[in-house]
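K.L.:
Handing you a structure now.
What follows is calculated from the coordinates using simple rules that are stated; it is not laboratory data. Bear in mind the structure is a predicted one, so any value in this text is a computation, not a measurement. A quick note on method: Cβ atoms are made from the backbone with ideal geometry, for glycine too, and the neighbour counts reach across all protein chains shown.
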């Protein structure tokens, strides 16, 4: 975990080496997960006033989350997911995640992969064995109604400060859209983002995402006052906007 101990914010622009390689990590190694963790911590929280111990705890929490969601070969998971990473000279300077989740247009909800898989496993117990072999889109209608479906969810789009304003965010979103369409066979990508995260909302609008709805959700934010455990706190009723990109 040595990489996690060296999470330094990059305030000065990086001299990126063209062409920057953007890769899909379907079964990321521990080293790749560490590199993505470093990118996320720097990309999301570099400006926060955290001491070294707090940054280490934050990185450890983020690494554990990525490992649980994307580590291994994915063979035991109900729904698939991948990381997309942009590397410059071996360092990950931008990343995003794409995973299948549950879209429910009637309930106005987007459930991430783990929650969606849990609901599918719970509901499928009431379905006859023969019906369980239906294609996933048909099965979702049987389980959750005609307005529910499995769809690719984009999240965790992070670019380290020194690599911003170079079109990297667009490239990461485009790579996820390509993966959803060409790799997974879907015709759109969905996401949910905090309304107050104006730079992210502006990026998504520029690349073609369209608003579906707005609703309050719980969210996590960094809390430098926490002296033990990860420096995070939960906020309830944070306004989020759900968006869709046809691919």
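K.L.:
Answer with yes or no whether residue 48 is more than 17 Å from the chain's Cα centre (by Cα) and touching a residue at least 60 places away in the same chain (Cβ under 8 Å).
P.N.:
Numbers: more than 17 Å from the chain's Cα centre (by Cα): yes; touching a residue at least 60 places away in the same chain (Cβ under 8 Å): yes.
Answer is yes for this residue.
K.L.:
What's the total number of residues in segment 20-41 that are within 23 Å of residue 227 (Cα to Cα) and touching a strand residue (DSSP E or B) at 6+ places or on another chain (Cβ under 8 Å)? Break it down into steps so the answer makes sense when it comes.
P.N.:
Within segment 20-41, the subset within 23 Å of residue 227 (Cα to Cα) is 37-38, 40-41.
Restricting the remaining residues to those that are touching a strand residue (DSSP E or B) at 6+ places or on another chain (Cβ under 8 Å) gives 38, 40.
So the answer is 2.
K.L.:
Which condition number does residue 187 fail, the rest of (1) surrounded by 13 or more Cβ atoms within 10 Å (Cβ to Cβ); (2) in contact with a helix residue (DSSP H, G or I) (Cβ under 9 Å, 6 or more places away or on another chain); (3) touching a residue at least 12 places away in the same chain (Cβ under 8 Å) being met?
P.N.:
Here residue 187 meets the rest and fails (1).
K.L.:
Right, something else. Has segment 57-68 got at least one residue that is under 25 Å from residue 150 (Cβ atoms), surrounded by fewer than 20 Cβ atoms within 10 Å (Cβ to Cβ) and touching a residue at least 60 places away in the same chain (Cβ under 8 Å)?
P.N.:
So the first thing to find is which residues in segment 57-68 are under 25 Å from residue 150 (Cβ atoms), and the list is 65-68.
When the remaining residues are screened for being surrounded by fewer than 20 Cβ atoms within 10 Å (Cβ to Cβ), the result is 65, 67-68.
Then keep just the ones that are touching a residue at least 60 places away in the same chain (Cβ under 8 Å); that gives none.
No.
K.L.:
Hey, another quick one. Quick check on segment 221-234: of everything there that is out of contact with any helix residue (DSSP H, G or I) (no Cβ under 9 Å at 6 or more places or on another chain) and farther than 22 Å from residue 202 by Cβ, which residue is surrounded by the most Cβ atoms within 10 Å (Cβ to Cβ)?
P.N.:
223
K.L.:
Please verify whether segment 144-158 includes one or more residues that are surrounded by 15 or more Cβ atoms within 10 Å (Cβ to Cβ), closer than 21 Å to residue 69 by Cβ and free of Cβ contacts under 8 Å to residues at least 40 places away in the same chain.
P.N.:
no
K.L.:
Let me ask you something else. Got a number for residues in segment 197-215 being over 29 Å from residue 136 (Cα atoms) and surrounded by 12 or more Cβ atoms within 10 Å (Cβ to Cβ)? Lay out the reasoning, then the answer.
P.N.:
Quick first cut of segment 197-215, residues over 29 Å from residue 136 (Cα atoms) only: 197-203, 205-206.
Filter again for surrounded by 12 or more Cβ atoms within 10 Å (Cβ to Cβ), leaving 197, 200-201, 203, 205.
Count: 5.
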